[in-house]
Every structure is written in C-alpha cells, then in structure tokens.
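Before any comments, here is the structure.
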Amino acid sequence: MFGRREKVMKPVFMINGFLESGKTEFINYTLGQPYFKTKGRTLLIVCEEGEVEYDPNLLVKTATDMVVIEDEEDFNVDKLMSLEYTYKPERIIIEWNGVWNYKDMKLPSVWQIEQQITTIDASTFVTYYSNMRSLLAEMIRKSEMIIFNRCDDVVDELPGFKRNIKAVNQSADIIFEGKDGEINTIFEDDLPFDLNAPVIELDNNGYGIWYIDSLDNLDRYVGKTICFTAMVLVPEEFPKGYFIPGRMAMTCCADDMAFIGFACEYEDADKLKDKQWVKVTAKVAKEYFVEYQGEGPVLKAISVENATKPKEEVISFN
C-alpha cells in the first residue's frame, strides 16, 4: 500500500536591517530567552558581520550552529540546502544583509518564514529612508515587528518615523527603544489638527496622518466628526449603502502608490461613481465590517457633496 509522506516545514526567523541597526544584539537576546529554548538545533545564518559579535558560549549553550555567507550570490537554494543536510536544524535564523535585494531572496522548499522582524537605528533612519527607501521598504513590507533602536536623541521625530513605516506596512507592530528601555510616547500632541474641534478638518497632510493614526488609535476618533476631500471607490463586493472615500498615497516611491481609505456608510452610495471627487463629512465609528475581517473604522456619512479635484491628487507620508 502506497502513502504520501507529508513534507515537514522548518520555521525561518528573518531579522532584517542595515548594518549596525541592532540585529545581532536582538538575536543574541532572543537566543538567551527561555521561550526560544526548544528541542533540536538552531542554524544561524549571518549575512553581514558588524561590530557586535555573537557570544561563542551562548551559541554552544543554545545548540546554535553559526554560518557566515558574505556574498549575495552565495545565498542561493543550493547553498542553503547543503546547510540543511549538514546541520539538520529544527529552526533557522537569518541575519539578513540590508543592502541585498530582499525581494530576490529564495529559500529551500522545506523552509518557511515564520516571522520577520526589522531593526532600525533611529539616529540614521532619515538618511536611509531618503537614500535607500526602496531597499528599506522591501524589508519592512512583510515584517510583523519593526524595532527602532537608539531613539533617545530623536524622540521628537518618532511620530514621523511611525507614519513612514505605517505607510508601507499598516499592520506592523512598531517598538521604540532607548537606553532605558521601551519609549511609550503619546503622539496625540503631535497631530496637525485639533481633536477637540466640533468638526476635524483634514487637509492633505492631515488626512494621511489621521488614516495612519486611526489604525493604531481608533478609540481617540470614535464619535468625532471629520471632514475631508476624497476620491470615490465603490468596490463590487461591498454591501449596498457603502463606499470608500479615500486618497492615493505615495507609500515608498513614485512607483509604489496605494489607495487609502475606510468604509463609509451612505444611503446614496449607489449613485456615486468611481474616481468621483467628493467632500465628506462623517462621524467615526468602530464596527465589525466583513471586508476588515473584524472591527475597524467605519465612517457614518453626514453629508457627501461634489467637490473639485485637489491640486495635489496624491498625498505623501514624508
């Protein structure tokens, strides 16, 4: 009798970031935690070596085999499969080289990315974001967690950093670390609009910031009335009486744009046309919406009026 042998997938933990962004410190810390001490061996693949080194005693204690791959061309399926046969790991940690093109990376079919984390040196973030934005975006796009290190001297800039990241990856958890631990900064005072105004007027800059902030701090907007100019999108799969008022936003570069907006309940939604410009005044609610697959921001339209196309159709998170 013949049977099919099920393929056993090996979990891969991908740690992204540019040189000296704190990757090695993070991996050293993780290896030493009780929650990471499981059976079998760990294969640690290091794609660049910075000033911080791995503790040989820790590697022995945690049954970790470290292999250095210095050249991008050597990071290929054949090489990785040879490591699989040699070390037979139960799990793999990859310290990725930030200047290698992440989207071209290929892994063995028996390896599966379990988690991606990107570390960023906050003191150099502006430089990298300005000059190597496409590489940075590829690293953070699918990362579940973004860790900013060395934030003490740039605390005032953290709200902007958070918006930059959320523009590329809305669902990422963002952590700011200083010399004394995590920085829990309240960003409400940095918003470019008055939360206590009877109607919160959102200009181009305000709309983008409100959208990003609503993803993390929806409760501060529930019950508030907002007003903004938007483009209409009426998805076919939406229930009757709903549309999306939103804007095109540049998330990374001119070639990487996305339409951003939330569902809006409006009784005459079926009379609206895609790409029509409107001025929306609506109350913000927190409700279950099937397309969200859970609770999220749902706008309750007070009025939807025809509007003139704005001079700047595309907003930016810069």
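The values are calculated or read from the model by the stated rules, or taken from the named source; none is laboratory data. If you're wondering where the values come from, they're calculated on a predicted model, not measured in any experiment. Backbone-built Cβ (ideal geometry, glycine too); neighbour counts: all protein chains shown. Surface areas here come from the heavy atoms of the whole protein model, side chains and all, with no ligands, DNA or RNA. Shrake-Rupley method; radii C 1.70, N 1.55, O 1.52, S 1.80 Å.
Laid out as a table, the results:
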quantity: Filtered residue count, segment 127-175, keeping only those that are of a type in the set (D, E, K, R) and touching a strand residue (DSSP E or B) at 6+ places or on another chain (Cβ under 7 Å); calculated: 6
quantity: Criterion violated by Y288 - all others in (1) assigned to a strand (DSSP E or B); (2) under 21 Å from N204 (Cβ atoms); (3) open to solvent by 60 Å² or more (accessible area, probe 1.4 Å); (4) hydroxyl-bearing (S, T, Y) satisfied; calculated: (2)
quantity: Which listed residue is modelled with pLDDT of 90 or more and in contact with a Leu (Cβ under 9 Å, 6 or more places away or on another chain), from Y288, Y221; calculated: Y221
quantity: Every residue from segment 56-72 that is of a type outside the set (A, V, I, L, M) and open to solvent by 70 Å² or more (accessible area, probe 1.4 Å); calculated: P56, N57, K61, E70, D71, E72
quantity: Those residues of segment 248-268 which are touching a Phe, Trp or Tyr at 6+ places or on another chain (Cβ under 7 Å) and at pLDDT 95 or above, in sequence order; calculated: A263, C264, E265, Y266
quantity: Pick from segment 8-46, criterion in contact with a helix residue (DSSP H, G or I) (Cβ under 6 Å, 6 or more places away or on another chain) and in a strand (DSSP E or B), ranking: surrounded by the fewest Cβ atoms within 10 Å (Cβ to Cβ); calculated: L43
quantity: Residues that are assigned to a helix (DSSP H, G or I), among the aromatic types (F, W, Y) and open to solvent by less than 60 Å² (accessible area, probe 1.4 Å), drawn from segment 107-165; calculated: F125, Y129, F161
quantity: Verdict on N196 being exposed (fewer than 15 other Cβ atoms within 10 Å of the Cβ) and over 20 Å from S171 (Cβ atoms); calculated: yes
quantity: Hits in segment 81-102 - residues which are among the aliphatic types (A, V, I, L, M), open to solvent by less than 60 Å² (accessible area, probe 1.4 Å) and either under 19 Å from E49 (Cβ atoms) or not in a helix (DSSP H, G or I) (or both); calculated: L83, I92, I93, I94
quantity: So E144, is it modelled with pLDDT of 90 or more and within 17 Å of the chain's Cα centre (by Cα); calculated: yes
quantity: Top-ranked residue in segment 291-305 [being open to solvent by 20 Å² or more (accessible area, probe 1.4 Å) and modelled with pLDDT of 95 or more; ranked as nearest to D219 (Cα to Cα)]; calculated: K300
